Structure formats: structure tokens, C-alpha cells
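The values are calculated or read from the model by the stated rules, or taken from the named source; none is laboratory data. Note that this is a predicted model, so its numbers are computed, not measured. Glycine also receives a Cβ, built like all others from the backbone with ideal geometry; neighbour counts cover every protein chain displayed.
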Amino acid sequence: MNYSFDHLDSLMEDAGLDALMITSKHNVQYLLGGHKFIFFSAMDAIGHGRYLPILIYLRGDKEKTAYVANTMEKSEHDNDPFWVPHSYPMAWGSVDSVKQAIAHLNKVGFTTGRIGVEPSFLPSDSHAVLIDALPNTALLDATAVMENLRAVKSPAELAMLREASERITDAMQATIAASGAGSTKHEIIERLHREETNRGLQFDYCLLTLGASHNRAGSDQAWAEGEVLSIDSGGNLDGYIGDICRMGVLGEPDAELVDLLGEIEEIQQAAFAKVKAGAPGAALIAAGQAALARQPHKDLTDFFGHGMGLVSHEAPFLLTNHPVAYEGRDADTPLKSGMVLSTETHMLHPKRGFIKLEDTLTVTETGYEMFGTQGRDWNVGGTA
């Protein structure tokens, strides 16, 4: 288990919650201790409805915890039993699932109180059934409770994130080396997909640019001699995300390219230097922004940082609405050892193209450790 029930109970008490009804796949996986039902790993829809796993937890009483699962999860439970005392592998949709959750609450005598739910992951038909069946309960937002519970990673989680990052950087190195003049964006993305899959990752996405273009979507645009390539990919290892961006060039990088990537690197290093347990998250953001303001191409460049783990933007939240819509609520809170951060700087150069580095760090007592360190300079294409 990557969390303690005492910590969970404390967070729930602070939020005024008596129970949790968790319905997001990532938080169900987290609370179950790692279970991820592979059948619905890449999609939710089936028939007229959707897969809706539900984990129910009553504050201070883990013996009443229940998991409402898809029928096929019974086999997984038989082979490797879930820790929860009550398991209900019977659901195929969002209504039968929530009805079973309500039946369990009635069974354990919970008919009044404040239930924490995840509004962004609770379908409207499930919500309607809950309100109708539990008129003496209040449904409150438990999103922040779960984010704060996951914010500090365990050693096992850090190992998973390190491995995911290293496998992605390896896959990127292989992809750039094997791609050359005439390789299209579609072909390069598909090659990265295969390279990540061959390394045991679940491929999530690849954002790719070639030449002077800033368009990161797949296309038939082909890589030409002297052009740059930016390759930004997320892949996950058992749900834990590696998210890295590296740069390639077809031919040796000229002096201008070396200088442009040097600007990006200076900004990244300035931010890294402020990462340490006990330091406010705002310090690394301020340092990165101050370094950006000194660069010759500052008007073309942007920098930001965010937490990551099971979700690509999660606690600590260091910036407000930049670029994903959330409040920078953790900016002034001291960083803790075991938190994981992504720092990224990109330049939209009108002639040389999209130039970016994105790195993953874990906070330590004395500073930081970077995951997936390879390929942070210019990587020359077509060398395989």
C-alpha cells in the first residue's frame, strides 16, 4: 500500500467527509494498492454504458471498505485477492454499479453523513441514483483529498516513475536514431509507439514537430536535412506516467541551434536549483521565470512546472491556469521529499521551429533526483 489510513482519515476529517465513494480509475487503482483492470485500461465504453469501478471507504473503519467491480474482475480477485473486505464483481455499467454501492452503504448502516465523490468522474445517471437513494446524505467534492493523499510518492512509486521515464528516453533515442530524411511524422510517431511498447510501456501519446512548424499533430510532413525535431511523449508503466521531451536534428546542430537549446537549458537548470524539501514550490517557478526573462528569445519562450504521477498534472499545483485550468494552490507550500515534478520550457522560434526540454524530478531532502536523464542535448537523427 502506498498510503496510510491515518493520513487518509486526517485528510477526510479536515475536509469534513465521513465516507468516500471513489469512481476514477486512477484513484481506484491507488486505493486498491495497484489493481488496474486491463480490459478497460484504454477505454470505458461498453454497450450503452460505461465501466464504473467504485471504491467505498468509511473514515476510521477500513473493515467496511468495499470495491464494486466489473463481473470479469472476479477472476483477477480469485488469482490475486484485493485487500478490501467486501468485493462485488457484478457491474456492467454506471447505474448497476452505483446501486450496488448504495446497497453496501445500507448494509453497513451508513445512511446519513457526508460522502466525498469525484464530480468529474461521476456520471449524471449515477449521481441521480445517489441523490434519490440517499436523501439524508450530502455529496461533497473529494478531489483535493485524493490529490493530497497521492502527492508524496512511496519508494515503490518513485521506482515506477523512474523506470517509466528511463524507458521513454530510451525509446526516444532509438526512434530518433532510426528516423531520417523522408521519415514522416506519422511514421516517426508509430515507430515511437512500437519502441515504447517493446519496452513494456503503455503508449499514451506523442506530440511531434519537424522543421520550422509548431504543429505537433501527426501528418505526412517529412523530416529534411538540417531540420529539428521535437518529440514529447507520455507513456505509462502500470499507470505511472513518464512525460519527457527531447530534441533531434538531421545532421550536426549548427551554432544557432546550440545556443537556442542552451537558453532552454539555462531556464531548466535555474528551476532545478530551487528544488529541495522544505522550499516553497513557488521558488522554482520564480527562478525559471527569472532565467527566462534574461534570455535573448524571451518573447518566444514559455516555462512552467507541475506535479505528476498517476495523472500528468497533479499535486503539487504550482501555477494558476498555466496551461491546464487549475489554481496554483500549492505554490507557497513547502515541497516534500517524494513529490514528483515536471519542469518544461519551450520556444516557438519562427525559423528553427519548436524547441523544448521537459524533465521529471523527484524532490529529496538535499535537492532533487532527475529521472530519464539521457538525450538532453541535440540528438542526431538517421544514425542507426
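Which residues, taken from region 358-384, are touching a Lys or Arg at 6+ places or on another chain (Cβ under 9 Å) and within 19 Å of Glu196 (Cβ to Cβ)?
The answer is Glu358, Asp359, Thr360, Phe371, Gly372, Gln374, Gly375, Arg376, Asn379.
Inside region 283-304, can you point out the residues that are within 26 Å of the chain's Cα centre (by Cα) and under 17 Å from Ala273 (Cα atoms)?
Initial filter on region 283-304 (within 26 Å of the chain's Cα centre (by Cα)): 283-289, 292, 301-304.
Residues satisfying the conditions are Ala283, Leu284, Ile285, Ala286, Ala287, Gly288, Gln289, Leu292, Phe303, Phe304.
Can we say Ala128 is within 17 Å of the chain's Cα centre (by Cα), more than 30 Å from His186 (Cβ to Cβ), without any contact (Cβ under 8 Å) to a residue 60 or more places away in the chain and not in a strand (DSSP E or B)?
Taking the combined requirement at face value, the residue does not satisfy it.
Can you go through Ile241, Ile168, Ile231, Ile189 and tell me which one is buried (at least 23 other Cβ atoms within 10 Å of the Cβ), part of a helix (DSSP H, G or I), outside the structural domain of His35 (by TED's automatic domain parsing) and under 27 Å from the mean Cα position of the chain (by Cα)?
Just a single option satisfies the conditions, and that option is Ile168.
Given (1) of a type outside the set (Asp, Glu); (2) in a helix (DSSP H, G or I); (3) farther than 19 Å from Gly382 by Cα, where does Arg194 come up short, assuming only one miss?
Just one mismatch for Arg194, condition (3).
Please enumerate the residues belonging to region 210-225 that are under 17 Å from Gly382 (Cβ atoms) and touching a strand residue (DSSP E or B) at 6+ places or on another chain (Cβ under 6 Å).
Hits for region 210-225 are Leu210, Gly211, Gln221, Ala222, Trp223.
Of the numbered conditions (1) out of contact with any His (no Cβ under 7 Å at 6 or more places or on another chain); (2) closer than 30 Å to Lys298 by Cβ, Leu260 satisfies every one except a single condition; which is it?
The failed condition is (1).
Can you tell me how many residues in region 197-227 are in contact (Cβ under 8 Å) with a residue 60 or more places away in the chain and under 19 Å from the mean Cα position of the chain (by Cα)?
Matching residues across region 197-227 total 1.
I'd like to check something: does region 45-63 contain any residue that is among the hydroxyl-bearing types (Ser, Thr, Tyr), under 18 Å from Val98 (Cα atoms), in a strand (DSSP E or B) and not assigned by TED's automatic domain parsing to the domain that holds Ile241?
The answer is yes; a qualifying residue exists.
Does any residue of region 132-142 turn out to be within 22 Å of the chain's Cα centre (by Cα), assigned by TED's automatic domain parsing to the domain that holds Lys25 and either of a type outside the set (Lys, Arg) or part of a strand (DSSP E or B) (or both)?
Within region 132-142, one or more residues are within 22 Å of the chain's Cα centre (by Cα), assigned by TED's automatic domain parsing to the domain that holds Lys25 and either of a type outside the set (Lys, Arg) or part of a strand (DSSP E or B) (or both).
Can we say Ala331 is aliphatic (A, V, I, L, M) and closer than 18 Å to Phe272 by Cβ?
yes
With respect to Phe121, determine if the residue is hydrophobic (A, V, I, L, M, F, W, C), over 17 Å from Ser94 (Cα atoms) and either assigned by TED's automatic domain parsing to the domain that holds Leu58 or free of Cβ contacts under 8 Å to residues at least 24 places away in the same chain (or both).
Judged against the criteria, Phe121 is not a match.
Which of the residues belonging to region 162-201 are touching a strand residue (DSSP E or B) at 6+ places or on another chain (Cβ under 7 Å) and either of a type in the set (A, V, I, L, M) or modelled with pLDDT under 95 (or both)?
Residues satisfying the conditions are Ala164, Ile168, Met172, Ile176, Ile188, Ile189, Leu192, Leu201.
In region 267-279, is there at least one residue being surrounded by 24 or more Cβ atoms within 10 Å (Cβ to Cβ), in the same structural domain as Thr169 (by TED's automatic domain parsing), aliphatic (A, V, I, L, M) and closer than 23 Å to Leu207 by Cβ?
Yes: one or more hits.
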